[in-house]
Each structure stands twice: as C-alpha cells, then as structure tokens.
Amino acid sequence: DGEQVTIRPAKPVDERRIQEHFYNLEKNDVIARFFHEKTSFVHDEVEGVSLIDYINDLTMVAVVGEFGFGQVIGIGECLLDPATRVAEVAFSISKSFQHKGLGKILMQKLASAARDNGIVGLMAYTSPQNRGMIKLFNSLPYKVSSFFDGDVLVLSCKFNEPKPE
C-alpha cells in the first residue's frame with residue numbers, strides 16, 4: 001500500500017521489537033504460529049529468534065518505520081535440523097500487513113539463503129486449517145510433500161526436486 005518495508009536478517013538489538021510483534025499478534029495468529037494460546041514472550045524465548053548464526057539458524061524480519069525505531073511487522077524463521085540437513089520454517093505477520101505478499105517474500109529469502117548454505121530443503125509444521133501457510137509453502141518452485149503427524153500437517157520440499165511443469 002505504498003509503505004516502505006525493509007526485510008533483513010534479525011539482529012540482537014531487535015529482541016524487544018520481536019517481543020512487541022508477538023505481543024501484538026491476534027490470538028488466532030499466535031495459535032497458528034505457536035500451536036497454543038500464549039500470552040507471554042519472555043527474554044529466553046525471544047532471544048533465540050534474535051540471536052542467529054545466519055547459516056543454520058536464520059531469522060528474517062520485515063520492519064516499517066524510521067531507521068533505528070522501526071516496528072517489526074513480520075518474522076520468518078529458519079532452523080536447521082543437522083541430522084537431516086532440512087530446515088524448519090515458521091512465520092508470523094501482523095494482521096494489518098497480511099495478504100500483501102510479505103510471507104512470500106520472507107519464504108523466498110529464507111529458501112534462497114538455505115539453499116546457498118547447503119541446506120537440502122525446508123519443512124513446516126502447521127494446522128490443516130492454516131490455509132495461508134499451506135499456500136505459502138506451495139508457492140515455492142519445488143515439489144511439496146505433506147503428511148499428518150497426529151493432528152499436525154507436515155509440509156516439506158527438497159531443493160533438488162523442482163515442481164513439475
């Protein structure tokens with residue numbers, strides 16, 4: 001909508017902004033992201049989102065506002081499972097910025113960084129009702145596999161398996 005959004009890797013100084021982002025999410029968005037109601041986002045939990053190594057553990061943030069004073073309005077996280085070399089992704093977008101393509105941009109940036117760093121694919125745990133996450137995963141140019149693990153839908157793709165044309 002004409003508002004400038006900066007997308008960049010998270011930094012330790014973003015910790016408070018990331019906390020504020022999580023606190024400002026609507027209840028349903030918190031449940032979609034964390035799989036349960038959650039009203040507290042303490043330092044120890046949020047620190048892992050902002051302290052990253054940029055290779056095996058990467059968090060991208062979407063920020064609006066003045067440099068140094070911006071508000072985090074989107075988060076895309078990518079965490080490597082060293083045993084499988086597949087990274088789990090998770091996203092949250094502030095309500096007023098949903099359905100504007102931010103999730104797709106974050107997903108593309110995470111997938112590109114993962115591929116560049118030797119990660120073989122991506123996976124995500126989600127609710128079968130989370131149409132946004134399913135659509136987001138299917139926007140990737142790779143063949144997407146899905147299966148149920150109890151009530152949870154598991155989505156995955158390998159970078160060496162392009163989507164059939």
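The values are calculated or read from the model by the stated rules, or taken from the named source; none is laboratory data. Being a predicted model, the structure only gives us computed values, none of them experimental. Ideal geometry is used to build each Cβ from the backbone, glycine not excepted, and the neighbour counts take in all protein chains shown. Ligands, DNA and RNA are stripped out before the accessible areas are found, and what is left, the full protein with its side chains, is counted by its heavy atoms. Shrake-Rupley method; radii C 1.70, N 1.55, O 1.52, S 1.80 Å.
Quick notes on this one:
- Test: Phe147 is part of a strand (DSSP E or B) and open to solvent by 50 Å² or more (accessible area, probe 1.4 Å): yes
- Qualifying positions in the stretch 114-137 - farther than 22 Å from Asn28 by Cα and either free of Cβ contacts under 8 Å to residues at least 24 places away in the same chain or not polar (S, T, N, Q) (or both): Ala114, Arg115, Asp116, Gly118, Ile119, Val120, Gly121, Leu122
- The residue that is modelled with the lowest pLDDT, among those in the stretch 100-127 that are in contact with a helix residue (DSSP H, G or I) (Cβ under 8 Å, 6 or more places away or on another chain) and surrounded by fewer than 16 Cβ atoms within 10 Å (Cβ to Cβ), is Ser127.
- In summary, Glu161 fulfils each of the numbered conditions (1) of a type in the set (D, E, K, R); (2) at pLDDT below 90; (3) not in a loop (DSSP other than H, G, I, E, B) with the single exception of condition (2).
- Check on Val49, surrounded by 15 or more Cβ atoms within 10 Å (Cβ to Cβ), among the hydrophobic types (A, V, I, L, M, F, W, C) and modelled with pLDDT of 85 or more: no
- Residues of the stretch 115-139 that turn out to be among the hydrophobic types (A, V, I, L, M, F, W, C) and in contact with a Cys (Cβ under 6 Å, 6 or more places away or on another chain), as a count: 1
- Some residue of the stretch 130-144 being within 12 Å of Glu88 (Cα to Cα) and either touching a helix residue (DSSP H, G or I) at 6+ places or on another chain (Cβ under 9 Å) or at pLDDT 95 or above (or both): yes
- Residue match in the stretch 84-98 (condition: open to solvent by 40 Å² or more (accessible area, probe 1.4 Å) and of a type in the set (A, V, I, L, M, F, W, C)): no
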